[in-house]
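The values are calculated or read from the model by the stated rules, or taken from the named source; none is laboratory data. Everything numeric here is computed off the predicted structure, so don't read it as measured data. Positions of Cβ are backbone-derived with ideal geometry, glycine not excepted, and every protein chain shown enters the neighbour counts. To get the accessible areas, we keep the full protein, side chains included, count just its heavy atoms, and leave off ligands, DNA and RNA. Shrake-Rupley method; radii C 1.70, N 1.55, O 1.52, S 1.80 Å.
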Amino acid sequence: MGGIGEPGGGPGPREGPAPLGAPLPIFRWEQIRQHDLPGDKWLVIERRVYDISRWAQRHPGGSRLIGHHGAEDATDAFHAFHQDLHFVRKFLKPLLIGELAPEEPSQDGAQNAQLIEDFRALRQAAEDMKLFEADTTFFALLLGHILAMELLAWLIIYLLGPGWVSSILAALILAISQAQCWCLQHDLGHASIFTKSRWNHVAQQFVMGQLKGFSAHWWNFRHFQHHAKPNIFHKDPDVTVAPVFLLGESSVEYGKKKRRYLPYNHQHLYFFLIGPPLLTLVNFEVENLAYMLVCMQWTDLLWAASFYFRFFLSYSPFYGATGTLFLFVAVRVLESHWFVWITQMNHIPKEIGHEKHRDWASSQLAATCNVEPSLFIDWFSGHLNFQIEHHLFPTMPRHNYRRVAPLVKAFCAKHGLHYEVKPFLTALVDIIGSLKKSGDIWLDAYLHQ
């Protein structure tokens, strides 16, 4: 057949796109597997092979996100992250260098082809049911109730004065508003509201910048990696938290290597001191500012600055600069508690470790679980209690998770995948239990290996 991937041949030098009308070179997985290095990345989408080495830096989701799928079949990730596939395929054409040999399976490694086929049928069924179409009224009401809470908090201070009771009440309302802003910008970041990606992005910049003081680009940079490879060390930023906390497989590794930077057997206790209180106030604030400056995201920086200008302009007449700063810190600390408990109750107790190269559905289900739904929990968590459905279909509007859930349950039952649903309080307690378990594993390995 004469291609650079001819059976028995080597991978050959890096190739450009195949000439128009010429037969596509063919490749075997053993050849593709060699192209998963910095500056040398290939991936497979719908059995076609693409060289993304030079283009990765221009990828809208970031080079790390697309690079995490190097030398893999990225078909399901490609469908999961993109709404308008016809538009996105225009960018793929210049990167096309070949296709899989006819005798090669569509996925590398020991993956269940029937499971993958059934998951794609499930996604098609969800599309046929129009579950990827958003109810704009639903999201308009979400934005409206956020703005109403912002106004209510200010009116409480304006009408009642900056006393202790009114200040605490205002801080609680502002923290709830900030939590709901996280949820709304999260929807926009996944392009699950508007049909045009550009509209989602502009709206996300407003919510994330003006209403929260953070960068939309920074959030998408880290959050999309989490979705691509959930609970995978060095690919999911949410679990790459050593040496402060040890999660999953890192407990044994640190124990065997006699690493003891902190008393990890007590990490479930110091978690309460440095986890929920400080994540958004310290870690996110510093990381967010550094990202905007290093990556020169000047538009995001202006949006973020507008939040601080509005906040201090609104509350300085009542508290002065120092008092307003204390109010801001109080809101961030309260909001941080919400963020840590709500976002991690679905992930920390699940499998955490190194890359296993699973198919899309299996990898998402191994790293996620659900929390029993109710009208309050759905609202309070921003529908993140349906974490399984969200991870399988990131661009699906959250108000449709309940409708797709029975289809997902049936799919899991057919293929023996664990569809885990917990009570809300159990999910919270399991975070602490998981941290304690990891700490005990570390101590055992530290003392005896």
*Sequence neighbours fewer than 8 away in the same chain don't count; with that in mind, list the aspartates and glutamates whose C-alpha is under 18 Å from Lys414.*
Glu117, Asp118, Asp359, Glu389
*Return the loop-located GluC sites (Glu not before Pro) in the range 68-130 (DSSP other than H, G, I, E, B) with at most 15 other Cβ atoms within 10 Å of their own Cβ; answer none if there are none.*
Glu103
*At 27 Å minimum axial length over the Cα atoms and a Kyte-Doolittle cut of 1.0, report the qualifying DSSP H helices in the chain, or say none.*
136-160, 164-189
*Assigned charges on the beta-carbon of Lys, Arg, Asp, Glu; the range 194-338 dipole about Cα centre (debye)*: 300 debye
_Quick check: at a probe of 1.4 Å, how many percent of the accessible area of the chain sits on carbon and sulfur atoms?_
65 percent
_Beta bridges by DSSP in the chain, antiparallel share as percent, to the nearest 5_ = 60 percent
_Per residue value of the accessible surface for the range 26-109 (all protein chains in place, 1.4 Å probe), Å²_ = 47 Å²
*Considering Cα pairs under 8 angstrom that are at least six residues apart, work out the relative contact order of the chain and quote it in whole percent.*
18 percent
*asked:* Per residue, how large is the accessible surface of the range 112-448? Use a 1.4 angstrom probe and give square angstrom.
replied: 44 Å²
*Would you mind counting up the charge near Leu85? Only other residues with Cβ under 15 Å from its Cβ, with Lys and Arg at +1 and Asp and Glu at -1.*
+3
*Taking the Cα-to-Cβ direction at Glu355 and at Leu262 and moving 7 Å from each Cα, how far apart do the two end points lie in nm?*
2.7 nm
*Express the relative contact order of the range 26-109 as a whole percentage, based on alpha carbon pairs under 8 Å and six or more residues apart in sequence.*
40 percent
*If you work out Cα extents along the principal axes in Å from the coordinates, which of [x] 63, 60, 39; [y] 64, 57, 40; [z] 81, 57, 44 do you get?*
[z]
*How large is the dipole of the chain about the Cα centre if only Lys and Arg carry +1 and Asp and Glu carry -1, each at its Cβ, rounded to the nearest 20 debye?*
660 debye
